[in-house]
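Input: a single structure, listed below in structure tokens.
The values are calculated or read from the model by the stated rules, or taken from the named source; none is laboratory data. The structure displayed is predicted, hence computed values, not measured ones. Methodologically, a virtual Cβ is constructed for each residue, glycine included, from the backbone with ideal geometry; neighbour enumeration extends over all protein chains shown.
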Amino acid sequence: MTRKDKWNLTLILFMILGITALHYGTVSNPWPMHDFYRRLYYVPIILAAFHFRLRGGFISSALVMLLYAPHLLLYFGQLDIAVINQLLEAGMFMVVGVITGYLSEESHRRELQLQRQVSQLMKMDLLEKKLRQSERLASLGQLASGIAHEIRNPLGIIKTISQTLHQEALESGEDSLAEGLNIIESETDRANKVIKGMLDFARPEPLHLRPIDGELVLRDLLTILRSLAKQHQVEIESRLQPVPPLLADADRLKQAVMNLMLNGIQSMEQGGTLTLSLEQASDSLALITIADQGKGIDKKNLLHIFDPFFTTKDGGTGLGLSVTHRIIEEHRGTIDVNSQPGKGTVFSLHMPLAQPRIEEAQHET
Ligand SMILES: Nc1ncnc2c1ncn2[C@@H]1O[C@H](COP(=O)(O)OP(=O)(O)O)[C@@H](O)[C@H]1O
Ligand SMILES: [Mg+2]
């Protein structure tokens with residue numbers, strides 16, 4: 001029962017008892033006054049029927065009947081035709097209570113039905129969107145892995161040759177040529193980065209799920225990323241609590257978390273603190289969070305960050321988060337993001353544990 005319900009119930013009871021007190025407390029008043037008092041009962045009955053529907057209408061009118069009937073005998077002293085007439089009229093309480101209650105029940109039912117239909121429609125819409133996205137991703141994946149392999153070799157050749165020419169140009173003092181070749185090299189690197197991202201994304205290999213020590217995986221990442229973080233004036237803080245083994249593919253999980261940490265570091269252009277934490281979220285889930293104090297993600301972009309190739313960075317590929325999303329989904333985990341533009345972003349990963357505590361407890365008993 002909500003607070004509002006409680007309040008309404010108290011008010012209704014208070015009115016019924018108040019009106020009853022009026023009846024019994026003024027037995028000496030002339031009958032027409034009591035006629036008026038009796039009609040006052042309609043107010044709490046109708047209120048009850050509106051607020052508590054059929055149940056409210058029925059119970060309140062029955063209560064009023066019970067409270068009111070003895071009063072009639074008290075007033076008239078005997079059961080004669082006048083009393084019966086009054087009782088019949090009081091029967092109207094029940095009729096009004098039940099009809100109002102029924103009508104309010106009906107409208108409530110219709111409202112619920114409408115709500116259900118709306119939420120069903122919304123769910124269908126969401127499902128369809130997800131389906132379309134996964135179809136798009138699947139075909140993109142096939143295409144990507146095909147193209148990536150084809151492009152990698154020529155890119156390798158372009159890079160090696162331009163490095164050689166670059167060296168020669170430097171030696172013969174052809175500065176503008178050297179500069180051009182330098183651009184070719186860095187652009188080839190960027191293309192390679194995109195291709196690596198696409199291959200990660202399209203990687204058809206199945207996961208190798210096994211119980212792994214989550215803390216160890218995250219500690220590895222800390223070691224790998226500390227020096228990069230330092231270059232960006234970013235301090236990494238770790239809050240790793242011991243948790244039961246995760247059911248995961250260590251390499252892929254590492255990749256997923258690394259992408260999030262890289263984004264976090266990149267988001268803090270003026271430096272700051274990146275916090276990596278691990279804790280147990282429930283009997284069957286661990287929670288990994290990556291929190292930065294960077295520029296945040298505005299609402300409009302939040303809808304697209306997991307789309308492949310969505311990026312707001314000059315040298316970005318827009319594949320990091322789609323790879324991460326995919327890896328977490330394959331693990332049957334979930335990824336959530338909470339961002340405050342100007343303040344920072346928190347990514348939360350809920351990852352399945354290898355042996356839920358419940359099972360352990362059952363084994364022990
Ligand atoms: N921690 C973060 N803080 C701010 N923006 C972020 C963060 N993580 C992701 N984003 C936004 O999501 C986009 C997509 O990220 P991602 O898929 O990793 O691609 P990339 O890093 O190559 O741009 C980024 O360009 C950025 O706009
Ligand atoms: Mg990224």
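Couple of notes before you dig in:
- If the condition is being within 6 Å of ligand 1 (Cβ to nearest atom) and farther than 25 Å from residue 198 by Cβ, then region 297-309 contributes no residue at all.
- Residue list for region 311-325, filter: more than 7 Å from ligand 1 (Cβ to nearest atom) and crowded, with 22+ Cβ neighbours inside 10 Å: 323, 324
- All positions within region 1-40 that are assigned to a loop (DSSP other than H, G, I, E, B) and touching a residue at least 40 places away in the same chain (Cβ under 8 Å): 27
- Residue within region 201-217 that is surrounded by fewer than 16 Cβ atoms within 10 Å (Cβ to Cβ), part of a helix (DSSP H, G or I) and at pLDDT below 90 present: no
- All positions within region 334-365 that are polar (S, T, N, Q) and at pLDDT below 95: 355, 362, 365
- Region 220-241 residues that are in a strand (DSSP E or B), paired with ones that are hydroxyl-bearing (Ser, Thr, Tyr) and surrounded by 12 or more Cβ atoms within 10 Å (Cβ to Cβ) (beta carbon under 6 Å, 6 or more apart): 235/273; 237/273; 237/275; 239/277
- Selected residue (only one of 83, 43, 27 is loosely packed, with under 14 Cβ neighbours inside 10 Å, modelled with pLDDT under 90 and aliphatic (A, V, I, L, M)): 27
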